[in-house]
Amino acid sequence: QVQLVESGGGLVQAGEALRLSCAASGRTFSSYTMGWFRQAPGKEREFVAGFRQSGASAEYAGSVKGRFTISRDNAENTVYLQMNSLKPEDTAVYYCAASPSWRGWWAESIAYWGQGTQVTVSS
C-alpha cells in the first residue's frame, strides 16, 4: 500500500523559511511523478512544485518560483520542499503527491496523496 507522510510544517513569520519532507513507502518511487500541492481555506488545491519523472527538471508554480526549491532523494524515497522568503499568502495545507506517470499538474491527475501538513505564515 502506498503511503506518503509529510512533516515540517509550522507557524513562521513572513520572510522566514521552512523545509517540508515527504517520506514515501509501498513502492519504488524513483520513476514516479512526485510533487507538492497546497490548499488554502476556501480555495482549490493547487500545484506548487514537482518532477514529472526522476531526472526531469523541477517545475514550479509562478507564485513560488525563485523562493521554493523541490528536491528528491530516490535512494531514500523522499521528496523535500525548501520554502524561503515565505509570505502570508503561502499559508495553506501542503500535500505531498505521487503518481505512476505524469498526466498534468492538476489535482485530478494525482493518484496518491499524503495527509497534509499545515504551513501558516504570519505578517
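A few notes on this one:
- Net charge, E16 excluded, C-beta distance under 11 Å - Lys, Arg +1, Asp, Glu -1: 0
- Per-residue ³J(HN,Hα) for segment 42-59, Karplus 6.51 cos²θ - 1.76 cosθ + 1.60, θ = phi - 60°, Hz, x for Gly and Pro: x, 10, 6, 6, 10, 5, 10, 7, x, 10, 5, 7, 4, x, 6, 6, 5, 10
- Antiparallel %, DSSP beta bridges [both residues in the chain], to 5: 90
- Heavy-atom accessible surface of the chain: percent carbon and sulfur, 1.4 Å: 46
- Here the Karplus curve 6.51 cos²θ - 1.76 cosθ + 1.60, taken at θ = phi - 60°, turns the phi angles of segment 103-117 into couplings of 10, x, 9, 10, 4, 5, 8, 8, 8, 10, 10, x, 7, x, 9 Hz, with x standing for Gly and Pro.
- Extension gain, A61 back to R27 (0.36 nm per residue minus Cα-Cα distance, nm): 9.5 nm
- Per-residue 3J(HN,Hα) values for segment 90-101, derived from phi via the Karplus relation 6.51 cos²θ - 1.76 cosθ + 1.60 with θ = phi - 60°, read 7, 4, 4, 8, 9, 10, 7, 9, 8, 8, x, 8 Hz in sequence order (x marks Gly and Pro).
- The residues of the chain present an accessible area of 50 Å² per residue when probed at 1.4 Å with all protein chains retained.
- For G116, the residues 5 or more places off, or on other chains, whose built amide H falls under 5 Å of its own are E6, C96.
The values are calculated or read from the model by the stated rules, or taken from the named source; none is laboratory data. Here the structure is a predicted model, which is why all the values come from computation and not from measurement. Here Cβ is always computed from backbone atoms with ideal geometry, including for glycine, and neighbour counts include all displayed protein chains. Just so you know, the surface numbers come from the protein's heavy atoms only, side chains and all, with ligands and any DNA or RNA stripped out. Shrake-Rupley method; radii C 1.70, N 1.55, O 1.52, S 1.80 Å.
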